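Since the structure comes first, as structure tokens, the remarks are kept for the end.
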Amino acid sequence: MHSHIPAHLNTVKGMDMELTLNNGVTMPALGLGVFQSAPEQTTAAVEAALATGYRHIDTAAAYGNEREVGEGIRRSGLDRAEVFIETKVWVSDYGYDQTLHAWDKARGKLRVDYLDLLILHQPAPDRFEKTIAAYKALETLLADGRVRAIGVSNFMPHHLTQLLGSTDVVPAVNQIELHPYFTQPAVQAADAEHGILTQAWSPIGGITFYPGWGGQERRNVMEDPAIATIAGTHGKSPAQVMLRWHLQQGRSAIPKSTNPARIAENFDLFDFELSAAELAAIDALDTGNRSGPDPDEAREERFAMVIPEA
């Protein structure tokens with residue numbers, strides 16, 4: 001197994017916080033997520049985020065908006081090298097040759113020559129041999145310089161153990177559902193043990209709706225009184241407090257918004273600091289209940305979704 005450089009935070013250029021991945025590549029800790037962003041809104045959201053100061057955009061083949069992400073990056077006028085682009089391979093493209101082709105599809109839609117981070121979207125334990133083959137394709141893409149870092153998403157500790165036992169490159173990132181009501185301590189510990197950076201999707205919790213999940217039991221973390229109290233102390237919003245919590249604990253977070261004012265608010269995190277007691281109070285809100293799908297459940301219909309060529 002490869003040696004690890006522990007992920008750590010640096011303050012760069014005053015405001016940008018960067019994380020160092022286990023292969024030495026640096027990644028802005030805060031990124032814009034575009035899950036469930038309609039294609040027609042995505043270009044403007046990406047353009048607004050980059051104008052605000054974001055330098056990391058997270059998308060996925062399954063979101064159907066990679067093309068619009070690429071367009072937003074081009075409209076920003078920034079050089080390609082200034083923007084960290086992360087995307088994901090969908091389950092229907094798992095397998096060695098299929099995943100090499102998934103890179104081609106993503107690159108073509110984004111209109112870039114390389115990707116900064118390419119990850120597997122789901123462990124898909126009902127076909128894990130294909131998951132392993134897909135990851136081996138990521139290793140090839142990494143060795144060829146077509147991607148700068150590789151990783152996984154929604155992998156639980158037992159999935160990581162299986163993966164690490166069959167592959168050579170330790171994932172740089174594991175992107176999981178993580179917010180104050182669902183902190184996944186066992187996954188975070190497994191990631192840390194292996195030198196894998198934990199990246200939070202749904203980092204402020206309760207905003208994104210997953211059809212068929214959560215039902216009437218859903219609670220919006222944004223309305224939590226403990227977080228409201230901390231927010232009031234600092235003159236910040238609940239969302240800003242939650243994002244700061246992620247960053248201070250060394251995680252990457254990718255809040256999703258298409259609202260330019262909210263995009264800017266979510267980036268305005270670098271002029272306050274949460275105390276150890278405040279961090280602990282937020283940690284204590286964990287309910288153990290996920291809002292999104294269980295990574296161990298097979299979702300054959302969803303997994304079969306075909307990713308278009310162009």
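Has the stretch 220-232 got any residue that is touching a Phe, Trp or Tyr at 6+ places or on another chain (Cβ under 6 Å), more than 13 Å from L178 (Cα to Cα) and of a type outside the set (S, T, Y)?
Looking only at the stretch 220-232, we keep the residues that are touching a Phe, Trp or Tyr at 6+ places or on another chain (Cβ under 6 Å), and these are 221.
Checking which are more than 13 Å from L178 (Cα to Cα) leaves us with none.
No: the stretch 220-232 contains no residue that is touching a Phe, Trp or Tyr at 6+ places or on another chain (Cβ under 6 Å), more than 13 Å from L178 (Cα to Cα) and of a type outside the set (S, T, Y).
Filter the stretch 260-310 down to residues that are within 27 Å of Q122 (Cα to Cα), open to solvent by 40 Å² or more (accessible area, probe 1.4 Å), not basic (K, R) and not in a loop (DSSP other than H, G, I, E, B), then give me how many there are.
Going through the stretch 260-310 one residue at a time, the tally reaches 3.
Considering only residues that are in contact with a Gly (Cβ under 8 Å, 6 or more places away or on another chain) and of a type in the set (A, V, I, L, M), look in the stretch 50-74 and name the one that is nearest to L115 (Cα to Cα).
Only one residue fits best here, namely I57.
Got a sec? Which of H246, H234 is open to solvent by less than 10 Å² (accessible area, probe 1.4 Å) and modelled with pLDDT of 95 or more?
Numbers: H234 fails: open to solvent by less than 10 Å² (accessible area, probe 1.4 Å).
Of the residues listed, the single one that is open to solvent by less than 10 Å² (accessible area, probe 1.4 Å) and modelled with pLDDT of 95 or more is H246.
Name the residue that is surrounded by the fewest Cβ atoms within 10 Å (Cβ to Cβ), counting only residues in the stretch 128-170 that are in contact (Cβ under 8 Å) with a residue 40 or more places away in the chain and more than 21 Å from the chain's Cα centre (by Cα).
D168
What's the number of the condition A189 fails, among (1) under 23 Å from R127 (Cβ atoms); (2) outside any loop (DSSP other than H, G, I, E, B); (3) open to solvent by 20 Å² or more (accessible area, probe 1.4 Å)?
Tallying (1) under 23 Å from R127 (Cβ atoms); (2) outside any loop (DSSP other than H, G, I, E, B); (3) open to solvent by 20 Å² or more (accessible area, probe 1.4 Å), A189 fails exactly one: (1).
Restricting the search to the stretch 208-227, which residues are open to solvent by less than 50 Å² (accessible area, probe 1.4 Å) and at pLDDT 60 or above? Step through it out loud before you land on a result.
In the first step, residues of the stretch 208-227 are kept if they are open to solvent by less than 50 Å² (accessible area, probe 1.4 Å); the result is 208, 210, 214-215, 220-221, 224, 226-227.
Of everything in the stretch 208-227, those that are open to solvent by less than 50 Å² (accessible area, probe 1.4 Å) and at pLDDT 60 or above turn out to be N220, V221, D224, A226, I227.
Does any residue in the stretch 68-86 that is at negative phi and part of a helix (DSSP H, G or I) come within less than 9 Å, Cβ to Cβ, of a residue that is surrounded by 14 or more Cβ atoms within 10 Å (Cβ to Cβ) and among the aromatic types (F, W, Y) six or more places away or on a different chain, and which pairs are these?
Pairs found: V69/Y63; R80/Y114.
Would you confirm whether any residue within the stretch 107-124 is part of a helix (DSSP H, G or I) and touching a His at 6+ places or on another chain (Cβ under 8 Å)? Step through it out loud before you land on a result.
Step one: list which residues in the stretch 107-124 are part of a helix (DSSP H, G or I), which gives 107-110.
Next cut, touching a His at 6+ places or on another chain (Cβ under 8 Å) only: none.
Looking through the stretch 107-124, none of the residues is part of a helix (DSSP H, G or I) and touching a His at 6+ places or on another chain (Cβ under 8 Å).
So in the stretch 87-96, with the set limited to residues that are in a strand (DSSP E or B) and free of Cβ contacts under 8 Å to residues at least 60 places away in the same chain, which one is surrounded by the most Cβ atoms within 10 Å (Cβ to Cβ)?
First, the residues of the stretch 87-96 that are in a strand (DSSP E or B): 87-89.
From the residues that got through so far, the ones that are free of Cβ contacts under 8 Å to residues at least 60 places away in the same chain too are 87, 89.
Values: T87: 29, V89: 31.
Once the filter is applied, the top-ranked residue is V89.
Considering every residue within the stretch 97-107, establish whether at least one is open to solvent by less than 10 Å² (accessible area, probe 1.4 Å), touching a residue at least 40 places away in the same chain (Cβ under 8 Å) and of a type in the set (F, W, Y).
Scanning the stretch 97-107 turns up no residue that is open to solvent by less than 10 Å² (accessible area, probe 1.4 Å), touching a residue at least 40 places away in the same chain (Cβ under 8 Å) and of a type in the set (F, W, Y).
Within the group G205, G195, which residue is of a type outside the set (A, V, I, L, M) and at pLDDT 95 or above?
Numbers: G205 fails: at pLDDT 95 or above.
Answer to the selection: G195.
I need every pair where a residue in the stretch 261-282 that is closer than 13 Å to L32 by Cβ has its Cβ under 8 Å from the Cβ of a residue that is polar (S, T, N, Q), sequence separation at least 6 or different chains.
Partner pairs satisfying both residue conditions: I263/T52; I263/S257; A264/T52; E265/S237; E265/Q240; N266/Q240; N266/S257; F267/T52.
The values are calculated or read from the model by the stated rules, or taken from the named source; none is laboratory data. Since we're looking at a predicted model, the values are computed, not measured. Note that each Cβ is placed from the backbone with ideal geometry, even for glycine, and that neighbours are counted across all protein chains shown. All accessible areas refer to the heavy atoms of the entire protein, side chains included, with ligands and DNA or RNA removed. Shrake-Rupley method; radii C 1.70, N 1.55, O 1.52, S 1.80 Å.
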